[in-house]
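These notes concern the structure reproduced below.
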Amino acid sequence: MTTPAKPQSPAGRLSATPQADLPLRRHHRLAILLLCGLAACASPGPDPAGGFRYTPPSAPPAAPAPEGASGFTPKPGWEAQHFMVAAANPLATDAGYQVLKAGGSAVDAAIAVQMVLGLVEPQSSGIGGGAFLMHWDGKRVQAFDGRETAPAAATPELFLRDGKPLPFLEAVIGGRSVGTPGALRMLEMAHREHGRLPWKDLFAPAIRLAEEGFLISPRLATMLAAPEAKTLRNDPDMAAYFFNADGSPKAAGTRLKNPELAKVLRDIATRGSAAFYEGNIARDIVARVRKHPTNPGLLSEADLAGYAPKQREPLCTEYRVYRLCGMPPPSSGALAIAQMLAILEHTDIVKHPPVQADFGLEPSPQAAHLFSEAGRLAYADRNRYVADPDFVPLPGASPASLLNPAYIKGRASLIGERSMGVARPGTPAGATLALADDRSPELPSTSHISVVDAQGRAVAMTTTIENGFGAQIMVRGFLLNNQLTDFSFLPAENGTPIANRVQPNKRPRSSMAPTLVFMRNSGALSMSVGSPGGSAIINYVGKTLVGTLDWGLDAQQAISLPNFGSRNGPTELEQGRASTALVDGLKARGHDVRVIVQTSGLQAIQRSAPEGKVMWFGGADPRREGVVMGD
């Protein structure tokens, strides 16, 4: 059984900040304790319907930022011998754990986790959205692309009115922003190849919870109580589901049932993804999108019926003694992280490990400087060149040009003792298209799942509906994505096209970065990691990789480090977790410092024993409700 105890640190690892000595109990009990760190709890105990008993908070939670803060609860890390699953909600993690315990594969567990996440964490992901999945079967890495697509009727002017971009929230809320969901068909594709348990069995935990009810978690309650959530009441189904008759948000600890979603999941479990993409469910989705009262969209039944997931060539790069594999475009995550790490190999960041602050470890000013400058350079290239490669090829028609050693060396040479402020994109070989920079926003309502099964197969999957509660349209108990707002609202700038412009059947660019890490020499799996966070995902995952691979931190220590970095603008530090010394040190190096809420949702599983001895160590983000379970 998973135990909340750190593995013995190898020589040279930094010591973690002392944390509460949590007793070794069943993992359900630990999950309750971690949830209670986000809200006032009393008399916790197992609930027969699959939830946890606790007293709701006595006062309304503070208003969060989008997918905002709901507290920082230190977590100990978990260890297990044979298999492990990490997810953003204890009920979802437990669903994956039960599948693994029954002999299921990593893909099986990821499917069970996703179905429960769509129920208990509906603001972040679900069957109405999309996902990227990285898989390791012990011999090869595969990249499964379940990203949403633009409707066939979409045009580059989708988000323009009188030639000007729509206000962002006006574009988000309603049918206009809904892309063709891809998660289910992608998961079915992966299951056909790597599933070990029957497809229908993987839906049982979510169906049971939807029928019998689950307790609203403190994080979901926090988001429902936020001022930004007032627009959810405009959708009659969401108003009835998430709010009381008097219009007040349902509180943490309220039992929530979703019989409509249970019926949908039963149908999908029996008939496969066709039950979702064709027939009554598809007709209902299209009707809600096209008949939205204020912002109708273009999605059609033909778009749903014709959706096709893709297997893409994984983007694998080398960093020091490691090999990292991630999702290629249309995600910019793996490419930007690979550029950052390649640039950092030309610096001495490894010699600047974290330092002690009042709240724990934080990056040194020099490390934060180097990391932020590398980020500026990578984000500059990302905003110029990366889009759906089926529509806009990368320079040289592959990631190789942007990762060419000579090109990277030239980019790294731009890092000096003072911040460059805003980096300009480079000119890699093969950059023949004239493209303008994309400034489209990318919102952080996303979730990440990491799994390693008993046979050593591994999954890193990042899944999303884009904005908090997506397009704010509920259909049969699930929410629809607003993924089309990941496209550039402007199709061109000064007559020069933007790579990430809207085009029919195109996938919007993403920053999701599900990552698998291997030892270069032996090929052994070292880690599965990823995070939600919109465009900041690149910095969140990059921070965790530098923390583990360069500074010798374990996964939990690296996840718990304060978030920091630059998206080619100000240097961003995590609110409440940045010392005066760090702020002043960066300002002295010429940085425009902004201290902001940075609610990552990192999950990671890493090998914690020498090769040949199976032992896993998992970490979950203390900024959210995630836990790790395994045996």
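Every read-out reported here was derived from the displayed coordinates using simple, explicitly stated rules and does not represent laboratory data. Because the structure is a prediction, the values reported are computed rather than measured. Glycine gets a Cβ as well: all are built from the backbone with ideal geometry, and neighbour counts include every protein chain shown.
Our estimate of slack between residue 400 and residue 240, defined as 0.36 nm per intervening residue step minus the Cα-Cα distance, is 52.5 nm. Rounded to 0.05, the FRET efficiency of the residue 280 and residue 321 pair, given R0 = 60 Å and the Cβ-Cβ distance, is 0.65.
Taking every DSSP beta bridge that has both residues in the chain, what percent is antiparallel when rounded to the nearest 5?
Restricted to the chain, the bridges split so that about 90 percent are antiparallel.
Neighbour counts of other Cβ atoms within 10 Å put 584, 621, 162 in the fewest-to-most order 162, 584, 621.
For residue 531, the amide hydrogen comes within under 5 Å of the amide hydrogens of 513, counting only partners 5 or more places away or on other chains and with H modelled in the peptide plane. Note that the range 215-220 has calculated 3J(HN,Hα) couplings of 8, 4, 7, x, 5, 4 Hz, one per residue in order, obtained from phi through the Karplus relation 6.51 cos²θ - 1.76 cosθ + 1.60 (θ = phi - 60°); glycine and proline are x. Each of 172, 452, 628 has some number of other Cβ atoms within 10 Å of its Cβ, and from fewest to most they run 172, 452, 628. Extension gain for residue 211 to residue 413 (0.36 nm times residue separation, less C-alpha to C-alpha distance): 66.9 nm.
Pairs 230/263; 409/506; 164/263; 263/543; 291/506: which are spaced more than 31 Å apart, C-alpha to C-alpha?
Exceeds cut-off: 409/506; 164/263; 263/543.
Taking amide hydrogens as placed 1.01 Å from N in the peptide plane, the amide H of residue 501 sits under 5 Å from those of 488, each at least 5 positions away in sequence or on another chain. A P(r) calculated from all alpha carbon pairs of the chain, with 10 Å bins opening at zero, reads 3, 18, 30, 29, 16, 4, 0 percent. For q = 0.19, 0.29 Å⁻¹, what log10 I(q)/I(0) does the range 119-172 give under the Debye formula with an equal point scatterer on each alpha carbon and no solvent? Relative scattering, expressed as log10 I(q)/I(0), comes to -0.90, -1.10. The mean sequence distance of close C-alpha pairs (under 8 Å, at least 6 residues apart), as a share of the length of the range 468-552, puts its relative contact order at 16 percent.
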